[in-house]
1. Cβ-Cβ distance below 7 Å, separation of 6 or more or different chains: which pairs start in region 227-238 with a residue that is more than 13 Å from E57 (Cα to Cα) and end on one that is modelled with pLDDT of 70 or more and β-branched (V, I, T)?
2. Considering only residues that are part of a loop (DSSP other than H, G, I, E, B), aliphatic (A, V, I, L, M) and within 30 Å of L84 (Cα to Cα), look in region 22-68 and name the one that is modelled with the highest pLDDT.
3. When you scan region 173-196, how many residues do you find that are open to solvent by 30 Å² or more (accessible area, probe 1.4 Å), under 16 Å from D56 (Cβ atoms) and not in a helix (DSSP H, G or I)?
4. Considering only region 69-84, how many residues are among the small types (G, A, S), farther than 19 Å from R203 by Cα and modelled with pLDDT of 95 or more?
5. Do we find a residue being exposed (fewer than 13 other Cβ atoms within 10 Å of the Cβ), in a loop (DSSP other than H, G, I, E, B) and among the acidic types (D, E) anywhere in region 132-146?
6. Within region 82-101, restricting attention to residues that are within 29 Å of the chain's Cα centre (by Cα) and of a type outside the set (A, V, I, L, M), which residue is most open to solvent (accessible area, probe 1.4 Å)?
7. Is it the case that region 126-149 has a residue that's touching a Pro at 6+ places or on another chain (Cβ under 7 Å) and of a type in the set (V, I, T)?
8. Residue by residue through region 102-122, note down the ones that are in a loop (DSSP other than H, G, I, E, B) and open to solvent by less than 30 Å² (accessible area, probe 1.4 Å).
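The values are calculated or read from the model by the stated rules, or taken from the named source; none is laboratory data. Predicted, not measured: the structure shown is a model, and the values here were computed from it. All Cβ positions, glycine included, derive from the backbone under ideal geometry; neighbour counts span all protein chains shown. Each accessible area value is taken on the protein alone, full model and side chains, heavy atoms only, with ligands, DNA and RNA left out. Shrake-Rupley method; radii C 1.70, N 1.55, O 1.52, S 1.80 Å.
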Amino acid sequence: MTALRKQGTVPNQVSECIKMAKLVYRWGERRELVGRNRLGLYRFRVAKEDRRAEPDEYRITDFEKILAQFNPQSSRQWRPSAVLMLIGHQGVRQRAALHLRWDDVDLEAGVITWRAEYDKVGREWSQPIRDATRSALLTALHWRERHAYTGPWVFYSSWSSKTKGREAAGVFGAQGLWKALKNAEAAAGVPSLPLRSAHGLRRMVAGEVLKETGDLVLATHFIGDTDFRVMQRYLKRRDDRLEAVAKQLDKGTQPDRNAETPPKESGVQVLVSAGVPKSHRTESNRRPLDYESRALPLSYGGVECPGPDSNRDGSRHCPPSPGSRKLSWTSPPDNPASPQLSAPTTMSSFACARRNEASTSSGVLPRAKMNPR
């Protein structure tokens with residue numbers, strides 16, 4: 001890695017070289033040509049300062065400047081003009097666009113079918129035709145009739161009669177498209193960023209779909225992709241959108257000086273007015289207030305009345321029945337301000353008697369009586 005970086009090789013190219021070497025070693029290992037695969041467990045890592053560069057996207061203004069450099073009426077410029085217009089509006093990959101057939105184009109239904117043979121993931125899928133793409137296809141149809149071309153390709157090449165790499169015979173080549181794009185960038189004053197090329201138009205379309213709809217899934221499906229992790233690299237940071245969001249947030253947080261200040265309300269009223277649902281713990285599990293405990297019945301829904309250990313005021317929760325012995329309050333000699341229960345009745349024995357009386361009236365056997373302390 002260090003030696004290749006000193007030679008000026010970028011991390012992307014180093015990664016591709018290592019990937020190819022590991023592929024060759026795995027091929028030899030499967031055929032038992034290599035005794036030990038030393039690259040099998042090797043993991044390529046990039047330092048923080050040598051992050052792998054991702055192709056940038058084009059912006060709409062740059063794309064329009066590039067298209068303005070082509071003349072669709074020229075026999076040498078209509079091909080790159082039509083191909084770039086198709087990629088920049090449909091968001092398809094370059095290889096799929098160059099190998100488009102007329103059998104896969106339905107202008108009446110407005111649908112293009114992309115064959116699995118030239119798709120990167122080997123999947124056949126359809127896509128609606130946009131207006132600018134229809135114009136590009138009509139331009140290609142015009143030159144097809146003018147040249148009396150009878151082949152299957154939409155973007156044909158009369159001087160390409162042999163298969164070149166992954167390009168079929170008779171197709172407008174990727175090298176010619178790349179050269180025309182770079183010349184148009186220089187003529188339009190658009191900066192030529194590394195690794196962008198025609199794939200930057202695909203990223204541009206994905207970003208525009210996300211901008212208009214806010215739906216990441218829809219942006220992925222429109223350009224014919226299936227991996228959402230790849231889309232995270234496609235969608236680029238846009239400073240104009242960040243500025244718009246900042247202005248929108250500032251506009252929403254600015255106070256209205258002309259608005260009237262609402263009167264202060266209690267906590268319960270604010271919750272009700274705001275539409276916040278009440279919690280079941282708010283009313284059922286809260287501790288009764290002093291003025292509410294006077295009206296409480298002997299028991300809560302059949303549950304025995306709590307004793308003095310579970311409440312601060314057992315006499316209010318368990319009021320004495322008519323005819324029962326009342327509690328008398330006396331003050332000790334040393335502290336006249338502190339009331340006490342007169343002997344021999346205490347609060348614990350009184351509560352125990354009340355619970356037994358309630359159990360007998362409801363048909364439940366009374367519990368064993370506790371000896372008063």
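1. Qualifying pairs under 7 Å: F228/T220.
2. Going through the qualifying residues, I end up with A68.
3. Here the count works out to 5.
4. Of the residues in region 69-84, 0 are among the small types (G, A, S), farther than 19 Å from R203 by Cα and modelled with pLDDT of 95 or more.
5. no
6. Per the stated criteria, the residue is Q94.
7. yes
8. The answer is G110, D119.
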